[in-house]
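Below is one structure, written out as structure tokens, with a few remarks after it.
The values are calculated or read from the model by the stated rules, or taken from the named source; none is laboratory data. Please read all numbers here as calculations on a predicted model, not as lab measurements. Here the Cβ positions follow ideal geometry from the backbone for every residue, glycine too, while neighbour counts run over all protein chains shown. For accessibility, only protein heavy atoms count, side chains too; no ligands or nucleic acids. Shrake-Rupley method; radii C 1.70, N 1.55, O 1.52, S 1.80 Å.
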Protein chains: 2
Amino acid sequence: MKHQQSPQLAVLQGRAMQQGLWGLLRHRIYNLQLLRMDATAALIVSLLLIPQSLAYALLAGLPLQAGLYASILPAIAYAFFGTSGVLAVGPVAITSLLTFSALSPLATPGSDEYVLLAILLALMSGLCLLLMGVLRMGFLTNFLSHPVMSAFVSASAVIILLSQLKGVTGIPVQSGTLPEMLYSLYSGWQQLHLETLLLGLACILFLYWARHYLAGLLQRFGMKPDLATLMGRMAPLLLLVLTTLLVVMTRLDQQGIKIVGALSLGLPTLQWQMITPGVLLSLVPMAVMISLIGFAESVAIARTFAARRRQQVNSNRELLGLGIANLAAGASGSFPVTGGLSRTVVNHDAGSVTPMASLLTGMGMALVLLFFTGWLYYLPQAMLASVILVAVLSLVDWKQPLHLWRYSRGDAWAWLATASGVLLLGIEIGLLLGVLVSLGSWLAKNSKPHVAIVGRVPGTEHYRNVQRYQVELHPSILSLRIDESLMFANAQEVEERVLQEVSQHPEVRHVILMGSGINHIDASGVEVLEQLNQLLKEQGIGLHLSEIKGPVLDRLKLINLPEHLNGQIFLTQHQAMQALTRVDEKA
Amino acid sequence: MKHQQSPQLAVLQGRAMQQGLWGLLRHRIYNLQLLRMDATAALIVSLLLIPQSLAYALLAGLPLQAGLYASILPAIAYAFFGTSGVLAVGPVAITSLLTFSALSPLATPGSDEYVLLAILLALMSGLCLLLMGVLRMGFLTNFLSHPVMSAFVSASAVIILLSQLKGVTGIPVQSGTLPEMLYSLYSGWQQLHLETLLLGLACILFLYWARHYLAGLLQRFGMKPDLATLMGRMAPLLLLVLTTLLVVMTRLDQQGIKIVGALSLGLPTLQWQMITPGVLLSLVPMAVMISLIGFAESVAIARTFAARRRQQVNSNRELLGLGIANLAAGASGSFPVTGGLSRTVVNHDAGSVTPMASLLTGMGMALVLLFFTGWLYYLPQAMLASVILVAVLSLVDWKQPLHLWRYSRGDAWAWLATASGVLLLGIEIGLLLGVLVSLGSWLAKNSKPHVAIVGRVPGTEHYRNVQRYQVELHPSILSLRIDESLMFANAQEVEERVLQEVSQHPEVRHVILMGSGINHIDASGVEVLEQLNQLLKEQGIGLHLSEIKGPVLDRLKLINLPEHLNGQIFLTQHQAMQALTRVDEKA
């Protein structure tokens, strides 16, 4: 939406944004001006991707070049098959952590076996995403409730932070649960490497400063705000250059500072014979988890940006795009990828218009891989670790549980269960625990329905809760508003409440259930209605319904409930009261 | 409620019904007239219990006297601690089957080890029920949805039917899944015992005839309808007498007809050393399941009868009552018990007024045990099997899935999953499967929220779905009614729907979400509201809410949502439209 140069371009841009890459090529909408905008965005994203992709490969436990591989074919594949014109697909922090946590128990990180397993994991995630797309199972990610995802991201960020302390301290931090990591940090403190620590701290401080103040500084020097923000985001690239030069000039690598060294391009010798059914099976749950979480994150980002551009995201097409991107990641000897937030923000801010930007980014990274990897030889690993540290620090959100606690205990428990599960029991168990607590707390909420006796607000046709309003009641008519769908978890509760109110009002001759809050009635709910109908009939009491929603009533008619109801169904509560009081007065 | 003799008695009866046994004794309400009524009911129930209790012991795989034990102390204990004045607690078909299915893999039915395990199971069920009562976990049975319970009972009845074919044919039917049972019936057909078959068929025909026609016949002979119905229900006792006499006179037992023989009173030598932690642990899941299902059945019966008497049932007190009844069952060397439907119906029809009837029934069964077991020596086992067969035949309800299918596919799937699970995979797996399908189908329903564009019904203050009614719309205002609570399973769907409608109406400047169907908003729902608020704000569109329910709004205020909403919250949809069209006209 920015950098609009002419009205004609704006219109063209609008049309181009609605199209996928195929559409652009087919409809010949694309022109040089749009290409210039997409190419600029692609250049900036590629430059940002150099340090990021290496850092995420490090986090995933893979040889650094795998990070570059993961940024080429997947981005190109997504350009062709995805639906978002702005989503930047490639290695991201959470899926890298999930990859590490899946594979490190099975093989030594960095080894040829490990690379092979990572490839398998990417391929399986790709298949899993495609399958979800074909079966229209995208809705499954809906079960990752907001508290669960929030807690998962925060707790994962803590795990990542601790794991990357190795890079900026030299202390070998054991991967595992929080207590295990803390213990290994404590017991290995003698291996603290002072030079690494100093370099790491300097990098972190620079990145932190740049993230918060660089853009402001550049603006004060007269740069346009948009450009200044974008330049501020490029700080990791600047740091990459600076630290590489520092190492080259001072030969810090001879002081024990670890450097990237020569990247061995090409795939390692893959020992395909180690792929046994057992290994494949053991990867399935992790592949499913990476697919679900990667997709959930990615589609949320795509949706946010689509809304800003007044566009739509098609979940099932997204599954296809991400699925093929992961197959491409596997095919190019890399690890699972998904859409990343920070790069998407940069892509958007840098003015990308169409998926062409993603295609060009992939091609840019191919150029880096072909011609510039030699330049990375002296890059200190501490710099990469600091990139990860600063990136994930912003993901930790400890205020969330307090915020949730104030709003809803159930959601807060889901957050706590997920976070403590991930930190203390492991990532998978934590996530599962969170989903179960979410489900449980939702059902618990559903199982305690709010049932209010309602009366008429004097002089109006409105009927309100007697406990909140001054209302008129009729002695022989009991009106109960049920603020919940009738379903198995609450049907008996509703029956008990209704019977209780009836037994406390022995003079009642008509019961009206007001259904303005009933969105569904399941078979257990129907059973309870029929039971109530029967029991009240035996006592000579009529059971009436009012304000039942159209779709709910349609369904009740399917089983002829209205016909054997010992009472009537009224469109509104007021009509019910009028009809029944009239009958009552005649009697 | 029946047999009312005088107004004073009716009043006394009403007061007595409201009291537990302790209350009766404390308040000295009880008198001889009430005692006569309770004693009559107790006598009739005891007579019915003789064949029933023996039959259910047979079904549970226990020595027959265990059925008598299960009818004494548990009934007395429930009289003191339960809340229902009419519920008849003792051995019932479903818990007997569950007992058999839990224990038959662990020991030989009828053996001393088996008896010991049954005792343990009863004690553990008792503890489990008490624990559920203390922790107020009675709501757990709500998760056994109506389709699941219905399918479970029907499928269990089929399993029971097949298992009891042994008693009326002599063919040894292997216990297990449906295919296993059918196969063993097929492969064992040479062992068909003709005399047993003839006797069994005669018993079944007699019971079936008595159940449907005896009462009518007695009425035609001048008996009062109530009494005739009651006598009709006593047919099993009559059959017991007739078949015993038949065996005594014709010595059919020498033709290979199996008879009950001598009941060995007293407990077998209990080998307590065989109780290992492993055995205890393996019984836990079954004890939990028996508790849940027994409680669910029992409380449903108690509730139905309480409603007929305009009384209340307290779920947590019921858990206490049934828990102690099961402890009593264990202590008297018997197996798990619960409230049974057929006996409760008889108890009610026979005029029981207070829990005293249950106490007297227990005492009556003690007399039977002490003085009359010798009379049962020649009772043919085929008669007992036929009692079970006819009783459970009425539990099979194959029309239910068709009925459900018409009303709700999700519920029909839950039924089919439970029934086929129980029949093909085993009772526990079937039940678990059913609960999962119930939950899944409910969430699936929740995850596809009904969102309608609403407009004003001309000339009124009513706003209705544009697709169902002729309504007026305003070009710059989009009103969406969301007929679902906002929760994690549908929050993103709602966001997508709202954004989709907005992107299809580019002229819209205000969006009103009408919340008459929103009963809850969980944290994921709040997140989506905030996200929508932000995205619409960026596009210069106001987000307003109308008809938000009191409790929902209270909660939103806790997190100050109304303050940072880019729009207003209106009490009614009409107020919202009036305010916004006014603003719009001014602008």
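Per-structure values
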| read-out | value |
| --- | --- |
| Estimated inter-spin distance, A:LEU558 and A:GLN470, nm [label 7 Å along Cα→Cβ] | 4.7 nm |
| Sulfur and carbon atoms: percent of accessible area, chain A [1.4 Å] | 63 percent |
| Protein heavy-atom accessible area occluded, A/B pair - total, 1.4 Å probe, Å² | 6600 Å² |
| Efficiency of FRET between B:LEU402 and B:HIS505 - r from beta-carbon atoms, R0 51 angstrom, step 0.05 | 0.70 |
| Nitroxide proxy distance, nm - points 7 Å out along Cα→Cβ at B:LEU135 and B:THR250 | 5.6 nm |
| For the protein assembly as shown, convex hull volume per residue from C-alpha positions, Å³ | 219 Å³ |
| Residue-normalised accessible area of segment A:265-387, given per residue in Å² at a 1.4 Å probe | 34 Å² |
| Rounded to the nearest 10 Å², the accessible area of A:GLU472 at probe 1.4 Å | 90 Å² |
| All aspartates and glutamates inside 17 Å of A:LYS224 as judged from Cα atoms, apart from same-chain residues fewer than 8 positions distant | A:ASP349 |
| Cross-link pairs A:LYS445/B:LYS549; A:LYS537/B:LYS549; B:LYS166/B:LYS258; A:LYS166/A:LYS258; A:LYS549/B:LYS448; A:LYS399/B:LYS448 - those with Cα-Cα distance over 20 Å | A:LYS537/B:LYS549; A:LYS399/B:LYS448 |
| Rounded to 10°, Cα long-axis angle of helix A:409-424 versus longest principal axis of chain A | 30 degrees |
| Orientation-averaged projected area, Cα convex hull of chain A (nm²) | 35.3 nm² |
| Hz values of 3J(HN,Hα) by residue in segment B:142-158 - Karplus curve (6.51, -1.76, 1.60), Gly and Pro given as x | 4, 6, 7, 5, 4, x, 5, 5, 4, 5, 4, 5, 4, 5, 4, 4, 5 |
| 10 Å Cβ neighbours from other chains, averaged over peptide B:487-495 | 6 |
| Average projected area [Cα convex hull, segment B:451-586], square nanometres | 7.7 nm² |
| B:SER282 versus B:GLN539: modelled label distance in nm, points set 7 Å from Cα along the beta carbon direction | 6.3 nm |
| Accessible heavy-atom area order of A:ARG309, B:ARG28, A:ARG317, highest first, probe of 1.4 Å | B:ARG28, A:ARG317, A:ARG309 |
| Nearest-10 value in Å² for the accessible area of B:ARG464, using the 1.4 Å probe | 60 Å² |
| Mean Cα-pair separation over length for chain B, i.e. relative contact order, pairs under 8 Å, 6 or more apart, % | 22 percent |
| Residue-count net charge about A:VAL92 - beta-carbon cut-off 14 Å; Lys, Arg +1, Asp, Glu -1 | 0 |
| Angle between chain A longest axis and helix A:573-586 axis [Cα atoms, degrees, rounded to 10] | 10 degrees |
| Whether segment B:410-461 is rounded, prolate or oblate, judged on the alpha carbon gyration tensor where a/c under 1.5 counts as rounded | prolate |
| ³J(HN,Hα), Karplus 6.51/-1.76/1.60, whole Hz, each residue of segment B:428-441, x for Gly, Pro | 5, 5, x, 5, 4, 4, x, 4, 5, 5, 4, 4, x, 6 |
| Peptides ranked, highest mean first, by Cβ atoms within 10 Å: ranges B:475-482, B:520-527, B:323-330, B:37-44 | B:323-330, B:520-527, B:37-44, B:475-482 |
| Ranked order, B:THR108, A:THR460 - accessible area, probe 1.4 Å, largest first | B:THR108, A:THR460 |
| Between 0 and 90°, nearest 10: helix A:235-250 axis offset from chain A longest Cα axis | 30 degrees |
| Average beta carbon contacts from partner chains per residue of B:141-150, 10 Å cutoff | 5 |
| Segments B:426-438, A:396-408 sorted - mean Cβ within 10 Å per residue, highest first | B:426-438, A:396-408 |
| Shielding score for B:551-558, defined as the mean number of other chain Cβ atoms within 10 Å | 2 |
| P(r) histogram, all alpha-carbon pairs of segment B:279-370 included - 10 Å bins from 0, percent | 14, 45, 31, 10, 1 |
| Probe 1.4 Å, all protein chains present, accessible-area order of B:TRP413, B:TRP442, largest first | B:TRP413, B:TRP442 |
